[in-house]
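Working notes, beginning with the structure itself.
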Amino acid sequence: MRMIESFTQLLHQKTKRKGMKTAAIVADLLNISEDAAYRRIRNPESLRAVELVVLAKEFNIDLNTLINLGNNWFQGEFKQINQQFTLDNLFTDINSMLQKCIERPNSYIAYGAKEIPLFYYFWFPALAAFKNFVWQRDFLNHPELKNQSFQASLCPVNPKFQSIASQYLQLPSEEIWSYETLFSTLYQIKYYQESGLFKNQHEFQAVMDDYDMLIEHIHEQASIGKKMHPIQSYLQGGDYKLYFTPLVTNDNTILFKTTRENVAWVVSQMCGVMQSDCAHWVDASQNWLETCKQNGTLLSISGNGPRNKFLRQEYHAKKRLLGL
């Protein structure tokens, strides 16, 4: 029996014991329709890595116990972001991976972005503090922040990790964005503004200005096909390809490819980080990113029209719609 089939068999057994309808509970946990849940159950290989982690966590299925059941599975490490594995620990892991890529020639990074890749935030301190605050307060339920309004001084990003942005600058990369990538932070800013969760107008404007500058920065480096420093624009780095895909969503999937190893990460705000260098995991991640690209449009260099439409026209239209 293949390992993926063993997983779904265990899932059926556990939901049956609890008197649950498997498709209904899968739909609820993954925030998808029951039809989509049925499709995943009938074709379990279509389950994304982050979805497997969510289901395994909910039903206490140890993925490692399935490793010897076949050759098409993965062995990896799951790190839940909590008091033991903090955001600082996550940034330390990212720093280590970037260093490996820099030290090994011909490395590159592929990033399927549910949100704008976090590497950029380190150049925009107000925005970095805001994203850190939202993650800690609203996703990780940090008790000390629950009754606080946002001010950048409450959640500054540790300065020792600011080099992450410069490291990412050096490495050739391709990023795959969707509407959710571009708009999700706008919706967070709008929610905080409407709810009175900004300490004052200055804090709101600083975050909004940083986000505007970040989007314009992405537009500029996509136009030349090279990464560039947002302040010192004469500093250019690795080759840069940006894709827009309107039909599929991403999972913050990061593929680090070097001459010695390939490592795939899935970063989920709900549960943490799943990391693996085994062939099945890497290939599955690569295949998903290729699917996103095939359903998308290249915005770099020659994609001037689609680039302007996505990063300028549609971005500013969404801002006007939200009153930002």
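Listed values, structure above:
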| item | result |
| --- | --- |
| Conditions (1) more than 25 Å from THR245 (Cα to Cα); (2) assigned to a loop (DSSP other than H, G, I, E, B); (3) under 20 Å from the mean Cα position of the chain (by Cα); number of the one not met by ILE116 | (1) |
| Number of positions in the stretch 172-198 that are part of a strand (DSSP E or B) and polar (S, T, N, Q) | 1 |
| Within the stretch 139-160, tally of residues that are surrounded by fewer than 18 Cβ atoms within 10 Å (Cβ to Cβ), under 27 Å from ILE218 (Cα atoms) and among the hydrophobic types (A, V, I, L, M, F, W, C) | 1 |
| Residues (in contact (Cβ under 8 Å) with a residue 40 or more places away in the chain, outside any loop (DSSP other than H, G, I, E, B) and within 13 Å of TYR192 (Cβ to Cβ)) located in the stretch 136-151 | PHE150 |
| Any hit, the stretch 171-188, residues being over 30 Å from ASP239 (Cα atoms) and at pLDDT 90 or above | yes |
| Condition check for LEU311: under 19 Å from GLU115 (Cβ atoms), surrounded by fewer than 18 Cβ atoms within 10 Å (Cβ to Cβ) and either of a type in the set (A, V, I, L, M, F, W, C) or assigned by TED's automatic domain parsing to the domain that holds ASN95 (or both) | no |
| Members of the stretch 220-248 that are assigned to a strand (DSSP E or B) and within 15 Å of ASN304 (Cα to Cα) | LYS226, TYR240, LYS241, LEU242, TYR243, PHE244 |
| ALA206 vs. criteria within 19 Å of the chain's Cα centre (by Cα), aliphatic (A, V, I, L, M) and part of a helix (DSSP H, G or I) | no |
| Any hit, the stretch 293-308, residues being buried (at least 19 other Cβ atoms within 10 Å of the Cβ), assigned to a helix (DSSP H, G or I), assigned by TED's automatic domain parsing to the domain that holds LEU214 and not basic (Lys, Arg) | no |
| Qualifying residue in the stretch 251-258 (condition: touching a Lys or Arg at 6+ places or on another chain (Cβ under 6 Å) and assigned to a strand (DSSP E or B)) | no |
| In the stretch 119-135, the residues that are under 22 Å from ILE254 (Cα atoms) and in a helix (DSSP H, G or I) | PHE119, TYR120, TYR121, PHE122, TRP123, LEU127, ALA128, LYS131, ASN132, VAL134, TRP135 |
| Among the residues listed as PHE198, PHE204, PHE183, the single one being under 27 Å from SER300 (Cβ atoms) and surrounded by 14 or more Cβ atoms within 10 Å (Cβ to Cβ) | PHE183 |
| Pairs where the first residue, in the stretch 92-104, is on the phi < 0 side of the Ramachandran plot and the second is among the acidic types (Asp, Glu) and not in a helix (DSSP H, G or I), C-beta under 9 Å, 6+ apart | LYS100/GLU261; ARG104/GLU261 |
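Yes/no per residue for (1) farther than 24 Å from TRP265 by Cβ; (2) hydrophobic (A, V, I, L, M, F, W, C); (3) out of contact with any Cys (no Cβ under 8 Å at 6 or more places or on another chain); (4) at pLDDT 70 or above:
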residue: GLN9; (1), (2), (3), (4): yes, no, yes, yes
residue: SER46; (1), (2), (3), (4): no, no, yes, no
residue: GLU51; (1), (2), (3), (4): no, no, yes, yes
residue: ILE61; (1), (2), (3), (4): no, yes, yes, yes
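The values are calculated or read from the model by the stated rules, or taken from the named source; none is laboratory data. Being a predicted model, the structure only gives us computed values, none of them experimental. We place every Cβ from the backbone using ideal geometry, glycine too, and count neighbours over all the protein chains shown.
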